[in-house]
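Chemist: This is the structure I want to talk about, given as structure tokens.
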Amino acid sequence: MKYLRVLLLVLSIARISAQQENYYEKWYSADESKLPQNTIKSIVKDKYGFMWLSTENGIVRFDGKNFITYDIHLPSVENRPLMIDGSADDDWLFTFYNSGEIPSLITKRGFSVISDKNSSHFKQLKTHGAENLWKILKEDSDKAQRVRYYFYISKKEFYYLDNYRLFYQKDGKGRFIRDLNGYSYFRFFLLGDELFYLKDSSLIEKIEKTGEIIESQTGITKKDDIDFFINNANKQFLIRNDDKIYLIENKNNIISSTLICSSKTLKDLSITCLYYDYMTKTLIVGTLSKGFLLIRKNFINAYNTPKRTTFHAVTAFSDNKVITAEGDVFNANGYVSSLPFSNKDKYGILPLHGQEGFILKSEHGIILWSQGKSKTIRNFGKNTVVRCISSTAGNKIWISLASDKDLIGYIIMKDQKIIKEKFYTINAPVRGITQVNSEEFLLAAHNGLYLFNEKKSTRKTLVKDITFRSINNNADDLFWAQTYGKGLYLYTNGRLYEPPQKNSVLSSVHSVIDDGIGYYWLSSNKGLFQVKKQNFINSYLQGDHGVYIHKYSRKDGLRTSEFNGGANINGLINDGFIIFPSMNGIVYIDTRNAFPAMPGKDYYLDRIAVNEKEKKISGILNLENNFGYVKIFVDYINLGNPGNDYIEYKIDDNRWQPLPDDRMIGINSLTNGKHEVKVRKLEDFSSDYHYKTLELFVKPAFWETAWFKLFAVIVLLLVFYLFYRIRLKQIEKESLILNAKIEERTRELKESVNSLSKTREELYAQLYRQKKLVAAISHDIKSPLKFINMSTEILMDSIDDTCYEKKVISSIKESSAQILDFIDSTINYNKIFIYDNYKTRENIMLRDFIFQRMRLFTNTAEFKFIQIQNNIGKNDVVVSNPDVLSIVIHNILDNAIKYTDQGFIYIYGITKECRYHLVIEDTGLGMSEEELAIMKKTQDFSGSRLGMKIVKELLPLIDVSFDIESKKGEGTKMILTFAV
């Protein structure tokens, strides 16, 4: 057992040691990238942040993603440059071809070969050719030592070594410093503006401008595999000692050596050159035959246990340890141990306030872990499920339950026992509980976000129909509510803020943790993110959309990009480390030493390609009208995650769109004239946009030029003029013909007018005769009938009431009265059309109006045992023509009496939807559906149907519609509809 413990301890130490060696490593070679060749002679970073590499097959510019290879393009000259030298700070770098005979210049992010021997550049650089070759060879021969060597602080300030004699020159004025006999030229290096010399790995000499030599110890213990690497263009000096790389720096006149890399990958590697990028803390390693390596120490580590790789709820175990809901204990160095928790639920764990032990969530109860033992302190039964547990201010432990009701409540513990519990019916499936103040709690539920007031026992809905998973708070007044794929919500000061932007990477955040130094760290289903705290808050409170959110991936030390949520604690800060559970490991983030590899702040729009022919531009880009296809390259450096390139562009006033992954804006069609390509980039955590604009001018085609348009206008005017002259002559000719036709048509029109005048006079005469006829009928027919009516009245007065004759005479009287009334109606009907008096309108008291019409049919109705009921309201009024309406109602009543025996006729009104409906309903014979259809459709009425024809013709004149409803054997209903 003793040996087993020792073995486990050794394995644990070995594992922890391996976990500490966490580096991002990325190889670039000719086999897998666009690197032209695998031998790297030198690596230099220019003033703009781009990496320049000299290889055995050309010069290469590298921006972290793309390679641009520059060839010499000279006949009979090998494309094999030497090392890159010069001063990066002055944007003045150079190298040589043909063993130092042909210089080339690197400046303004471009490369050019200086082949003109008479140029000033050639004369200035040619003197460095032999020096450049010997610096590559590092030979210690007398011939090599007697060459002049330059060490450039800037283009105008430098040291130079001439035959063991050291000089210093600035602004054209030089002076001798001292003799350095026995010193090797390839061991001199610059740190800042000071010159140093490497005696050996442990001793460095500083050579003052006064000639004084000051020795300093590096603190590096020499091993068998040791080498040094000088990069004077960037003023860097690095020492390799076995698998360790040290950066030598001069800080406040004190030499220090900093271990920047300790990777097993470097062991036995044939390194030719090194460059250390301070901005991203990335080491670039050039090799003899394997290309180059980007290597960066990660400040993020992911740890597993021997049995588990997936973790959920996590809480503090001590000041420098954390524990998961399954009992696994971790610290910043990795897995420590495991406690034998009895629960099988991994989504809930809470520390006991002021006591040793933990509260654990199980499926149906609450478990207490204390003094190395587990015991169930509350079992809610098999029909009740514990959804979540949460600790709040004080000693309450809040719990969400699911049974036949949805409940939330709390328990209070003392001496490891529950002394009080209380639950509330909440009617919401709660998954997270967070206290806002002494009375209110935020509730994350499957169907929304709620605010619960414990004192009032009330629930307020903040968001509905969205699934919320959990809520976390960093001991401030900001509460972050996490959803399933719908973004992150903020609740603060009694107000809820929705996600300010549609950002897919933040759609499923699990936890928001404040590192205490101005940043939030966010875990989600899509990775780990870092954002400036205040900017992130402002994006909610003020609606700022442009926020820089730095994304971390597996390159940064993660084993997976998928973090876990849904537990009561999905992240925390412990001993300066932020800890998140993930699908592959407990993730530790060393926030105090966090140094994200961010893209360069600046970017450039001076490189374009027109139809695959690349060129540099400055100012306005002029394009031919049929330019074909234009590529605008957006150049910038990024040695980190490409997902952090927040660059957008737009052409003219179109909407902003993200820059494609190839960092190129493609244009294949533009109208002639001026255009603008605008680009903006979020610089860094400041979330400031850096804007640039490239102006384009598309030359017009020859038909779009002003001269062509002027010429076209002149030609068009001439054509119009000729057409006008031709047309004018044609019009004059046609005018003569037209005048002749007009005269002929005028004569015909006069004849027609005369004929129409005669016809009008004849029509007036006929109308006059018709009026006379109506008057004659009115007098000659009505007079005898009136006499008969008067005579019957006299006879009736002289005859006893019991006599049968009186009854007959009474019928004659009523019949003559009816005939007289019919004649009046007929005359009125004809007068309507003759005198056009149907157009007048007046208010008609409908009930009295109907009674007047009913009196004409009283005897006939009694004779046929028919009851006529007038149920019209006393105040019912319609606006219509009384003459026309009288004829219509007379004919309808006449038909109703005619086809009814021993029944009823009901007359009533209905007001509905701004319409008044006059209904005359009888209980007579009625009509079949076929008869009713024929009645509604036919226009040819004769005989007994003449009255219906009159009704149909008259109703449209007074703007009244009608409808007929009838059933055989049940009766007929006539409905007249008036506008109210």
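The values are calculated or read from the model by the stated rules, or taken from the named source; none is laboratory data. Only a predicted model underlies this, so the values are computations on that prediction, with no experimental measurement involved. Backbone-built Cβ (ideal geometry, glycine too); neighbour counts: all protein chains shown.
Chemist: For the range 212-228, give me each residue that is touching a residue at least 40 places away in the same chain (Cβ under 8 Å) and within 26 Å of residue 178 (Cβ to Cβ).
Modeler: Going residue by residue through the range 212-228, those that are touching a residue at least 40 places away in the same chain (Cβ under 8 Å) are 225, 227-228.
Selection gives 228 alone.
Chemist: Out of 661, 653, report the one residue that is surrounded by fewer than 17 Cβ atoms within 10 Å (Cβ to Cβ), among the charged types (D, E, K, R) and under 23 Å from residue 504 (Cα atoms).
Modeler: Details: 653 fails: under 23 Å from residue 504 (Cα atoms).
Being surrounded by fewer than 17 Cβ atoms within 10 Å (Cβ to Cβ), among the charged types (D, E, K, R) and under 23 Å from residue 504 (Cα atoms) holds for just one of 661, 653, which is 661.
Chemist: Let me ask you something else. Could you figure out which of (1) farther than 20 Å from residue 363 by Cα; (2) without any contact (Cβ under 8 Å) to a residue 60 or more places away in the chain isn't true of residue 445?
Modeler: Residue 445 satisfies all of (1) farther than 20 Å from residue 363 by Cα; (2) without any contact (Cβ under 8 Å) to a residue 60 or more places away in the chain except (1).
For (1) surrounded by fewer than 18 Cβ atoms within 10 Å (Cβ to Cβ); (2) on the phi > 0 side of the Ramachandran plot; (3) in a strand (DSSP E or B), each residue gets a yes or a no:
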site: 258; (1), (2), (3): yes, no, yes
site: 261; (1), (2), (3): no, no, yes
site: 265; (1), (2), (3): yes, no, no
site: 296; (1), (2), (3): no, no, yes
site: 301; (1), (2), (3): no, no, yes
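Chemist: Here is a follow-up. Could you count how many residues in the range 240-251 are touching a Ser or Thr at 6+ places or on another chain (Cβ under 9 Å) and either outside any loop (DSSP other than H, G, I, E, B) or aromatic (Phe, Trp, Tyr) (or both)?
Modeler: Looking only at that region, the number is 8.
Chemist: May I ask you to say which residue of 389, 359 is under 15 Å from residue 415 (Cβ atoms) and either hydroxyl-bearing (Ser, Thr, Tyr) or surrounded by 16 or more Cβ atoms within 10 Å (Cβ to Cβ) (or both)? Lay out the reasoning, then the answer.
Modeler: Values: 389 fails: under 15 Å from residue 415 (Cβ atoms).
Of the residues listed, the single one that is under 15 Å from residue 415 (Cβ atoms) and either hydroxyl-bearing (Ser, Thr, Tyr) or surrounded by 16 or more Cβ atoms within 10 Å (Cβ to Cβ) (or both) is 359.
Chemist: Tally the residues that are part of a strand (DSSP E or B), over 18 Å from residue 544 (Cβ atoms) and among the charged types (D, E, K, R), restricting the search to the range 467-513.
Modeler: The qualifying residues number 1.
Chemist: A follow-up question, please. Restricting attention to the range 688-708, which residues are touching a Phe, Trp or Tyr at 6+ places or on another chain (Cβ under 8 Å), in contact (Cβ under 8 Å) with a residue 24 or more places away in the chain and more than 14 Å from residue 599 (Cβ to Cβ)? Please lay out each step first, then the result.
Modeler: Filtering the range 688-708 down to residues touching a Phe, Trp or Tyr at 6+ places or on another chain (Cβ under 8 Å) leaves 690, 692, 698, 702, 708.
Now restrict to residues that are in contact (Cβ under 8 Å) with a residue 24 or more places away in the chain: 690, 692, 698.
Residues satisfying the conditions are 692, 698.
Chemist: With the range 528-636 as the region, which strands (runs of 3 or more DSSP E) entirely inside it contain at least 3 residues that are more than 16 Å from residue 685 (Cβ to Cβ)?
Modeler: Values: elements: 549-552, 572-574, 577-582, 585-590, 604-610, 613-616, 621-623, 630-635.
Output list reads 572-574, 577-582, 585-590, 604-610, 613-616, 621-623, 630-635.
Chemist: Here's a follow-up. Going by the conditions given, is residue 865 over 28 Å from residue 979 (Cα atoms) and at pLDDT 85 or above?
Modeler: Values: over 28 Å from residue 979 (Cα atoms): yes; at pLDDT 85 or above: yes.
Judged against the criteria, residue 865 is a match.
The rows are residues; the columns are (1) of a type in the set (D, E, K, R); (2) assigned to a strand (DSSP E or B); (3) surrounded by 15 or more Cβ atoms within 10 Å (Cβ to Cβ); (4) in contact with an Asp or Glu (Cβ under 8 Å, 6 or more places away or on another chain).
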{"site": "220", "(1), (2), (3), (4)": "no, no, yes, no"}
{"site": "228", "(1), (2), (3), (4)": "no, yes, yes, no"}
{"site": "238", "(1), (2), (3), (4)": "no, yes, yes, no"}
{"site": "273", "(1), (2), (3), (4)": "no, yes, yes, no"}
{"site": "279", "(1), (2), (3), (4)": "no, no, yes, no"}
{"site": "284", "(1), (2), (3), (4)": "no, yes, yes, yes"}
{"site": "305", "(1), (2), (3), (4)": "no, no, yes, yes"}
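Chemist: Name the residues in the range 95-136 that are among the charged types (D, E, K, R) and farther than 30 Å from residue 636 by Cβ, would you? Let's see the steps before the verdict.
Modeler: Initial filter on the range 95-136 (among the charged types (D, E, K, R)): 101, 108-109, 116-117, 123, 126, 131, 135.
Residues satisfying the conditions are 101, 116, 117, 123, 126, 131, 135.
Chemist: Okay, moving on. For the range 64-107: of the residues being among the charged types (D, E, K, R) and in contact (Cβ under 8 Å) with a residue 60 or more places away in the chain, which is surrounded by the most Cβ atoms within 10 Å (Cβ to Cβ)? Lay out the reasoning, then the answer.
Modeler: Within the range 64-107, the first condition is being among the charged types (D, E, K, R), and the residues that meet it are 65, 71, 78, 80, 85, 89-91, 101.
Keeping just the survivors that are in contact (Cβ under 8 Å) with a residue 60 or more places away in the chain gives 65, 85, 89-90.
Details: 65: 15, 85: 25, 89: 15, 90: 15.
The extreme case among them is 85.
Chemist: Also, quick follow-up: So if I check each of 515, 544, which one is in contact with a Ser or Thr (Cβ under 9 Å, 6 or more places away or on another chain), modelled with pLDDT under 90 and of a type in the set (D, E, K, R)?
Modeler: Details: 515 fails: modelled with pLDDT under 90.
Sole residue among the options that is in contact with a Ser or Thr (Cβ under 9 Å, 6 or more places away or on another chain), modelled with pLDDT under 90 and of a type in the set (D, E, K, R): 544.
Chemist: A follow-up question, please. Across the range 201-226, what is the total count of residues that are in contact with a Ser or Thr (Cβ under 9 Å, 6 or more places away or on another chain) and of a type in the set (Asp, Glu)?
Modeler: 1
Chemist: Give me the residue from the range 333-353 that is surrounded by 20 or more Cβ atoms within 10 Å (Cβ to Cβ) and not hydroxyl-bearing (Ser, Thr, Tyr) and, out of that set, farthest from the chain's Cα centre (by Cα).
Modeler: From the range 333-353, those surrounded by 20 or more Cβ atoms within 10 Å (Cβ to Cβ) are 334-335, 341, 343, 345-350; that's our starting set.
Narrowing the set further to residues that are not hydroxyl-bearing (Ser, Thr, Tyr) leaves 334, 341, 343, 345-346, 348-350.
On the way: 334: 40, 341: 45, 343: 43, 345: 37, 346: 35, 348: 35, 349: 37, 350: 38 Å.
Checked the range 333-353; the qualifying residue farthest from the chain's Cα centre (by Cα) is 341.
Chemist: Pick from 666, 619, 640: which is among the small types (Gly, Ala, Ser), surrounded by fewer than 18 Cβ atoms within 10 Å (Cβ to Cβ) and at pLDDT 90 or above? Even if it seems obvious, please write down each step before you answer.
Modeler: Values: 619 fails: at pLDDT 90 or above; 640 fails: surrounded by fewer than 18 Cβ atoms within 10 Å (Cβ to Cβ).
The conditions single out 666.
Chemist: Can residue 315 be described as in contact (Cβ under 8 Å) with a residue 24 or more places away in the chain, of a type in the set (Val, Ile, Thr) and closer than 30 Å to residue 257 by Cβ? Before you say what the answer is, go through the steps one by one.
Modeler: Values: in contact (Cβ under 8 Å) with a residue 24 or more places away in the chain: yes; of a type in the set (Val, Ile, Thr): yes; closer than 30 Å to residue 257 by Cβ: no.
Spelling it out, it is not the case that residue 315 is in contact (Cβ under 8 Å) with a residue 24 or more places away in the chain, of a type in the set (Val, Ile, Thr) and closer than 30 Å to residue 257 by Cβ.
Chemist: Something else about it: Within the range 161-207, which residues are over 22 Å from residue 133 (Cα atoms) and in contact with a helix residue (DSSP H, G or I) (Cβ under 9 Å, 6 or more places away or on another chain)?
Modeler: Of the range 161-207, the ones over 22 Å from residue 133 (Cα atoms) are 168-179, 191-194, 199-207.
Listed by number, the list holds a single entry, 199.
Chemist: What are the residues in the range 351-402 that are part of a loop (DSSP other than H, G, I, E, B), modelled with pLDDT of 90 or more and small (Gly, Ala, Ser), if any?
Modeler: Of all residues in the range 351-402, those part of a loop (DSSP other than H, G, I, E, B) come to 352-357, 362-364, 371-372, 380-384, 392-395.
This time we only want the ones that are modelled with pLDDT of 90 or more, so: 362-364, 380-384.
If the condition is that a residue be part of a loop (DSSP other than H, G, I, E, B), modelled with pLDDT of 90 or more and small (Gly, Ala, Ser), then 362, 381 are the ones that fit.
Chemist: Determine which member of the set 126, 108, 117 is on the phi > 0 side of the Ramachandran plot and not assigned by TED's automatic domain parsing to the domain that holds residue 615.
Modeler: Numbers: 126 fails: on the phi > 0 side of the Ramachandran plot; 117 fails: on the phi > 0 side of the Ramachandran plot.
Just one listed residue meets the conditions, 108.
Chemist: Also: So, in the range 111-156, how many residues would count as being basic (Lys, Arg), part of a helix (DSSP H, G or I) and either closer than 21 Å to residue 53 by Cα or touching a residue at least 60 places away in the same chain (Cβ under 8 Å) (or both)?
Modeler: Taking the range 111-156 as the starting set, the residues that turn out to be basic (Lys, Arg) are 117, 123, 126, 135, 138, 143, 146, 148, 155-156.
Still in the list and also part of a helix (DSSP H, G or I): 123, 126, 135, 143.
Now drop any that are not either closer than 21 Å to residue 53 by Cα or touching a residue at least 60 places away in the same chain (Cβ under 8 Å) (or both), which leaves 126, 135.
Selection size over the range 111-156: 2.
Chemist: Mind listing just one residue for me: the one in the range 418-465 that is among the small types (Gly, Ala, Ser) and more than 19 Å from residue 569 (Cβ to Cβ) and, of those, surrounded by the most Cβ atoms within 10 Å (Cβ to Cβ)? Talk me through it step by step, then tell me what you get.
Modeler: As a first pass, look at the range 418-465 and keep what is among the small types (Gly, Ala, Ser): 428, 432, 438, 444-445, 448, 457.
Those left that are additionally more than 19 Å from residue 569 (Cβ to Cβ): 428, 438, 448, 457.
Values: 428: 22, 438: 10, 448: 17, 457: 10.
Here the answer is 428.
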